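Enquirer: The structure follows.
The values are calculated or read from the model by the stated rules, or taken from the named source; none is laboratory data. Quick caveat, the model's predicted, so the values are computed rather than measured. All Cβ positions, even for glycine, are placed from backbone atoms using ideal geometry, and neighbour counts span all protein chains on display. In case anyone asks, the SASA skips ligands and DNA or RNA and just uses the protein heavy atoms, side chains included. Shrake-Rupley method; radii C 1.70, N 1.55, O 1.52, S 1.80 Å.
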Amino acid sequence: MTAITAELDTKTKRTPVKGMMDNVMEQFNSAAEQVNLHPNIRKILSITNNEIIVHFPVKMDNGDVEIFTGYRVQHNNALGPYKGGLRYHPTVDIDAARALAMWMTWKTSLAGLPYGGGKGGIQLDPSKYSQNELERITRRFTFALADNIGPEHDIPAPDVNTNSQTMAWIADTYMSTRPPAERTANQHVVTGKPDGSGGLEGRDRATGYGVFLNIKFWAERKNESLYGKKFIVQGFGNVGYWAAYFLEKEGAKLVAVQDAFGSIQNADGIKVDDLFNYTKVNNGSIVDFPESVVLNKEEFFGTECDICIPAALGNQITVENAHTIKAKLIAEGANGPTNVEGEKLLLERGVTILPDILCNSGGVVGSYFEWLQNRNGELWQLDEVMAKLDKKMKESFNKVYEYSEKEGMDLRTAAYCIAIKRIEKAYIQRGIFP
Ligand code: GLU
């Protein structure tokens with residue numbers, strides 16, 4: 001890391017991401033003990049393969065030039081190309097990108113995909129920039145990263161504050177800068193593109209649908225119905241909205257929502273699509289939604305409910321609020337929403353946690369389908385996509401659930417054990433070069 005970057009990192013450390021790396025390492029180490037992971041492989045997996053930091057200038061609408069810092073961390077590629085999202089957020093820094101890249105390695109391994117793990121993004125608050133500025137920022141970032149990503153090398157996707165439009169700009173920029181004969185063959189350099197530009201029908205809902213499926217599979221194991229169950233959602237973006245949408249269809253009731261702007265509550269139920277339509281005309285915010293009352297930020301996690309879905313940023317459930325949680329099930333739509341200490345308290349109280357690397361893996365599974373579709377020059381139908389997603393999520397859930405029952409461990413540790421054993425196997429088979 002250069003001196004310049006170290007200085008930037010110290011300046012920008014913020015509470016929501018601070019410690020994410022500690023969390024992922026603690027989770028990894030405790031599973032590594034359980035499976036008696038080979039010490040050499042433990043060394044390899046404790047460190048990232050490559051870390052790319054770029055500073056690049058972009059012309060703003062008023063003619064001024066602003067310098068941005070972008071990151072791409074490639075953690076491990078033992079099982080295939082690096083895979084993972086790009087997020088645009090003030091909390092993006094090298095620590096966050098490292099932790100998030102590691103989580104991707106475990107996630108793709110657990111899902112049985114031919115991928116490794118990577119993550120990155122730009123440190124910025126996208127609400128402060130116009131659409132044209134965001135386009136130029138994205139294209140310039142892609143240009144700076146171009147030699148380090150590629151459809152068979154490192155494949156970004158949407159994450160916090162990036163979407164199918166962002167991916168379309170990346171694909172277009174990347175393809176435009178390839179030699180002529182390679183241009184159109186490189187569409188799968190990113191996944192999560194709009195349909196019509198190589199995107200997969202259903203990729204938009206894949207993560208939220210996967211969260212819903214995990215909750216449904218859990219309820220089936222417990223012989224419980226989702227009908228009438230109360231749930232709360234933190235983050236009403238792509239993941240939170242779609243998870244809520246599918247749960248409501250099953251008869252569950254959304255009783256509180258929190259986003260970056262505020263928290264709302266209605267014990268009689270908030271209609272998911274009414275809230276979604278409201279955010280469209282309210283600058284993306286849930287605040288002041290008519291059929292709801294305001295909730296204090298600190299009270300949100302303590303809302304009376306059965307299921308809690310953190311679907312925003314990392315480190316949201318900690319010792320500060322874990323004891324207030326009423327839900328008996330936490331379904332992690334976000335990456336790293338529960339920190340290690342918070343989790344200990346919850347497990348002691350008998351709360352079940354559907355861990356991020358399982359619970360939100362529908363997104364990257366959808367990405368894999370999109371990548372296959374592009375590689376094979378195919379166009380898949382929505383019903384086909386949803387059925388394949390269902391099958392894949394069920395397999396992962398069953399694997400983790402049964403492992404945890406057999407070994408008498410929590411679901412997160414079970415998920416990690418399965419994920420790291422698969423990577424260990426690849427290293428043992430291939431050995432270490434030279
Ligand atoms: N950003 C998503 C995640 O954290 C999706 C990654 C992908 O599709 O590559 O899993």
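Enquirer: Just in segment 360-434: which GluC sites (Glu not before Pro) are loop by DSSP and have at most 13 other Cβ atoms within 10 Å?
Expert: When the GluC sites (Glu not before Pro) of segment 360-434 are filtered for loop state and at most 13 Cβ neighbours within 10 Å, Glu378 remain.
Enquirer: Where nothing but the Cβ of Lys and Arg (+1) and of Asp and Glu (-1) is charged, how large is the charge dipole of the chain around its Cα centre, in debye to the nearest 20?
Expert: Approximately 960 debye in magnitude.
Enquirer: If the cut-off is a Cα-Cα distance under 23 Å, which lysines reach Lys59, setting aside same-chain residues fewer than 8 apart in sequence?
Expert: Result set, ordered by chain and number: Lys128.
Enquirer: Starting from the Cα gyration tensor of the chain, take the square roots of the eigenvalues, sort them a ≥ b ≥ c, and report rounded, prolate or oblate (rounded when a/c is under 1.5, otherwise prolate if a/b is larger than b/c, else oblate).
Expert: rounded
Enquirer: What FRET efficiency do you get for Ala387 and Val319 if R0 is 45 Å and r is their Cβ-Cβ distance, rounded to the nearest 0.05?
Expert: Rounded to the nearest 0.05, the efficiency is 0.60.
Enquirer: Still on this structure: Please name which of Val233, Leu45, Gln131 has its Cα lying farthest along the dipole of the chain towards the positive end, using unit charges on Cβ (Lys, Arg +1; Asp, Glu -1) and the Cα centre as origin.
Expert: My answer, from the dipole projection, is Leu45.
Enquirer: Express the accessible area of segment 225-333 per residue in Å², computed with a 1.4 Å probe while the remaining protein chains stay in the model.
Expert: Accessible surface, normalised per residue, equals 44 Å².
Enquirer: Over segment 81-195, calculate the relative contact order: mean separation of alpha carbon pairs under 8 Å at least 6 apart, over the residue count, as a percent.
Expert: Rounded, it is 30 percent for segment 81-195.
Enquirer: I've got another one for you. If R₀ is 45 angstrom, what is the calculated FRET efficiency for the pair Gln429 and Lys328, using the beta carbon separation as r and rounding to 0.05?
Expert: E between Gln429 and Lys328, to the nearest 0.05, is 0.60.
Enquirer: GluC sites (Glu not before Pro) within segment 306-341: which are DSSP loop residues with at most 11 other Cβ atoms inside 10 Å?
Expert: Listed in order of number, the matching sites amount to none.
Enquirer: Further, regarding this structure: Which of rounded, prolate, oblate describes segment 277-406, given a ≥ b ≥ c as roots of the alpha-carbon gyration tensor eigenvalues and a/c under 1.5 marking rounded, otherwise prolate only if a/b is larger than b/c?
Expert: oblate
Enquirer: Quick check: pseudo-label points 7 Å beyond the Cα along Cα→Cβ at Lys222 and Leu379, how many nm apart are they?
Expert: In this crude spin-label approximation the distance works out to 4.3 nm.
Enquirer: Using a 1.4 Å probe on the protein heavy atoms, what percent of the accessible area of the chain belongs to carbon and sulfur?
Expert: Percent of accessible area from carbon and sulfur atoms in the chain: 49.
Enquirer: A further question follows. Rounded to the nearest 500 deg cm²/dmol, what is the calculated helix-only ellipticity per residue at 222 nm for the chain, with -39500 (n - 2.57) per DSSP H run of length n ≥ 4?
Expert: After summing the helix terms and dividing by the residues of the chain, the value is -14000 deg cm²/dmol.
Enquirer: While we're looking at this one, here's another question. Assuming a ≥ b ≥ c are the square roots of the Cα gyration tensor eigenvalues, decide whether segment 98-217 counts as rounded (a/c under 1.5), prolate (otherwise, with a/b larger than b/c) or oblate.
Expert: In terms of gyration-tensor shape, prolate.
Enquirer: Only Cα pairs under 8 Å and at least 6 apart count here; give the relative contact order of the chain as a rounded whole percent.
Expert: 16 percent
Enquirer: Return the subset of Lys249/Lys406; Lys297/Lys344; Lys249/Lys421 for which the Cα-Cα distance in this structure is over 29 Å, preserving the input order.
Expert: Over 29 Å Cα-Cα: Lys249/Lys406; Lys249/Lys421.
Enquirer: Moving on to the next point. If you place +1 on the Cβ of every Lys and Arg and -1 on the Cβ of every Asp and Glu, how big does the dipole about the Cα centre of segment 308-434 come out, in debye to the nearest 20?
Expert: 300 debye
Enquirer: Taking 22 Å as R0, compute the FRET efficiency from the Cβ-Cβ separation of Asp195 and Asn277 and round it to 0.05.
Expert: The value I calculate is 0.50.
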